[in-house]
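Where a number appears in this text, it was derived from the coordinates with a stated rule and is not lab data. Predicted, not measured: the structure shown is a model, and the values here were computed from it. Ideal geometry is used to build each Cβ from the backbone, glycine not excepted, and the neighbour counts take in all protein chains shown.
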Amino acid sequence: MTTGTVQREAWGSRAGFILAAIGSAVGLGNMWRFSYVAAQGGGIYFVLLYLIFVAAVGIPVMTSEFAVGRLAQESPAKAIGRLGGKAWTPLGWLFVFCGFGILSYYSVIAGWTIRYSFDALRHAIPADTGGYFQAVSTGTGSVVGHVLFMAITIFIVLWGVRKGLERAALILMPILFIILVSLAIWSATLTNSGVGYAAFLNPELGAISVRSVINNAVGQAFFSLSLGMGALMTYASYLKSQQNLGKEATVVALTDFGVAFTAGLIVFPIIYSFGLSDQVGLSMVGALFISLPAGLQSLGQAGDWVVLTFFVMLFFAALTSAISLLEVVVTALVDHGISRRVAAIGAGLVITLAGIPSAFSIKFLTAADQVVGNFLLIVGGFFTAVLVGWKLLPLADAELAKGLASEKVRKGWAMLIRYFVPPVLLIVLVWIIIPETWDAVRALFSP
Ligand code: TRP
């Protein structure tokens, strides 16, 4: 076929697609946010609520993103308007904005993991990890890590789908899984591992309001599963094969959950075995970047090796997620006739600049996370569900049917995406997410 246009890129294998999608989902959100949020309110009840939410909302939305992506065979920014009609174009651009916004601060945190890895390698993490974190996380040091991380991300995206995204996932994800399991086994052998597990999973009801627990569960699900901004839609748009997309979504979502849960089994025993639990309350990043290395310090040089392994794992997790965030922006530009090289470098540079405020202020970073990483993702997820459930259902269903023969399963999915997901997300948005976001933005402007 000679249409004159460049052949659209595609994944080389099913494993490549699945690992890249898991790579997008498994990120910093799994490693620090999940277990911390569970420990803060609900423990095992939080975990169960989260799982129910993943099953009833996460997997149906992910299946929808996969179906629309494979159906469209082009960037969401273009496809949403083409399939849904002119009125829907803003949703496509909202996706691009989210990719841009999330990556700008995500890369700052990822930059800290580079610095920690290097310093652990040189046995140069000081005993005062609080002061050390302060120095690493704000100002010039933070900017350097952020720029370095963005440069690596841009470099991989430059190589395209098969040689960049897929190759990175095929190499980094297996290493990540090996590190994860090894650390979990090591953690289990610590003297106070039981106390750590209890702190992670004990249902401490009343410690936190129901509203906050729901806010955490919903926000965490969208962020962790990379939903609501067309990242997985973009990945599915590079699919040529006709596999069962419902099954793929289930595999990705459950693996993502498994990694988050296992990360909790690593982090909490370390923190509790070394008696640093009082610091955990300080902040989410505090648990990971201050308490954890502080605890491991008491092991001497051996501790440095654990710190190194742990932060390298974090770095890999962040990298495969960042790639998907940048790809959403890049693919939109490529579909508008810009070369991949110019798109990756140009968009990457702008995102790097946009991340500078987050590199200087954790307060700004936190507010950006609430606005883009929570609020806008749920807005995006809501409109995606409405679009698929009410406008594209026959098309999306036909696309799904290519690999998902069971009419019953597809009916169930259609019911959820049409009647369940939109009202649930709308209620959560209005009742919880908007007020929380408002508070976060106000906090940014109050001294
Ligand atoms: N899922 C990643 C994490 O848990 C972050 C991420 C990557 C993301 N791509 C995304 C979040 C797209 C939302 C949308 O850290």
Those helices of the chain passing the 24 Å axial Cα length cut-off and the mean Kyte-Doolittle cut-off of 0.0 (DSSP H runs only) are 89-121, 140-158, 167-188, 245-273, 301-334, 340-360
Taking the square root of 5λ for each eigenvalue of the C-alpha gyration tensor of the chain, the equivalent ellipsoid has semi-axes, largest first and in whole angstrom, of 34, 25, 21
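Based on a Kirkwood Rh over C-alpha pairs, give the Stokes-Einstein translational diffusion coefficient of the range 125-271 at 4 °C and viscosity 1.567 mPa s in µm²/s. Present the calculation step by step, with values, prior to reporting the outcome.
On the way: Rh = 19.0 Å.
In µm²/s, the coefficient rounds to 68.
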Computed, not fitted: 222 nm per-residue ellipticity of the chain from DSSP H runs ≥ 4 (each -39500 (n - 2.57)), nearest 500, equal to -23000 deg cm²/dmol
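May I ask you to derive the FRET efficiency for Ser298 and Ala55 from their Cβ-Cβ distance with R0 = 30 Å, giving the value to the nearest 0.05?
On the way: r = 41 Å, r/R0 = 1.36.
It comes to 0.15.
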Between the modelled labels at Ala127 and Ser182 (7 Å from Cα along Cα→Cβ) the distance in nm is 2.9 nm
The base-10 log of I(q)/I(0) that the Debye equation returns for the range 169-243 at q = 0.11 Å⁻¹, one scatterer per C-alpha, is -0.58
Taking the alpha-carbon centre of each part, the distance from the range 388-447 to the range 191-250 in Å is 15 Å
If each part is reduced to its alpha-carbon centroid, the range 117-142 and the range 8-44 end up apart, in Å, by 26 Å
With label points set 7 Å from each Cα along the Cα-to-Cβ direction at Lys247 and Leu426, the distance between them in nm comes to 3.6 nm
In whole µm²/s, the translational diffusion coefficient that Stokes-Einstein assigns to the range 73-125, given a Kirkwood hydrodynamic radius over C-alpha pairs, 10 °C and 1.306 mPa s, equals 118 µm²/s
Expected unfolding gain across Ile356-Arg8 under the 0.36 nm per residue rule, minus the alpha-carbon gap, is 121.9 nm
For the range 99-190, listing trypsin sites (Lys or Arg not before Pro) in a DSSP loop whose Cβ sees at most 10 other Cβ atoms within 10 Å gives Arg122
Ala151 and Ser212 label points (each 7 Å along its Cα→Cβ direction) are spaced in nm at 4.1 nm
Listed by chain and number, the aspartates and glutamates with an alpha carbon less than 13 angstrom from that of Lys408, same-chain partners under 8 positions apart left out, are Asp397
